[in-house]
Amino acid sequence: DSNRVIFLIFGAIDNRKNVVNILRAFQSLAPDLAKKTALLIIGKVAAFYQDEFNDEIATTKQVQPNLTLVTESRFVDDEEMESYFSQSDVILR
């Protein structure tokens, strides 16, 4: 959706990327801002981090039903990676 600001978290997903805190920040968005926002989390989630990650994703979806939240827990090749970066407005590191 071209009306949404797209945020991207990319790469191996574990506690070093601080994803839980990022999700909590998105949980605090005003509803009208959330509906204009998309968060893409693309990359293999580490096994040790899976439960914490899934719990926070579920909470975020419940708290912010208007937020577009996309997760892909898998390896992404270079061509696909380039596509994700080019369609995103903000890259979160």
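Computed values, structure above
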quantity: Counted residues, the stretch 71-84 - those being of a type in the set (Phe, Trp, Tyr) and either surrounded by 15 or more Cβ atoms within 10 Å (Cβ to Cβ) or modelled with pLDDT of 95 or more (or both); calculated: 1
quantity: Subset tally (residues that are part of a helix (DSSP H, G or I) and either open to solvent by 60 Å² or more (accessible area, probe 1.4 Å) or under 12 Å from ILE57 (Cβ atoms) (or both)) for the stretch 9-31; calculated: 11
quantity: Residue ID - nearest to ARG24 (Cα to Cα), chosen from residues in the stretch 65-85 that are hydrophobic (A, V, I, L, M, F, W, C) and part of a helix (DSSP H, G or I); calculated: PHE85
quantity: Scope the stretch 32-62; condition open to solvent by 90 Å² or more (accessible area, probe 1.4 Å) and acidic (Asp, Glu); matching residues; calculated: ASP51, GLU52, ASP55
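The values are calculated or read from the model by the stated rules, or taken from the named source; none is laboratory data. Bear in mind the structure is a predicted one, so any value in this text is a computation, not a measurement. No Cβ is skipped: glycine too gets one built from the backbone with ideal geometry, and neighbour counts run over all protein chains shown. These accessible areas exclude ligands, DNA and RNA; they are computed on the full protein's heavy atoms, side chains included. Shrake-Rupley method; radii C 1.70, N 1.55, O 1.52, S 1.80 Å.
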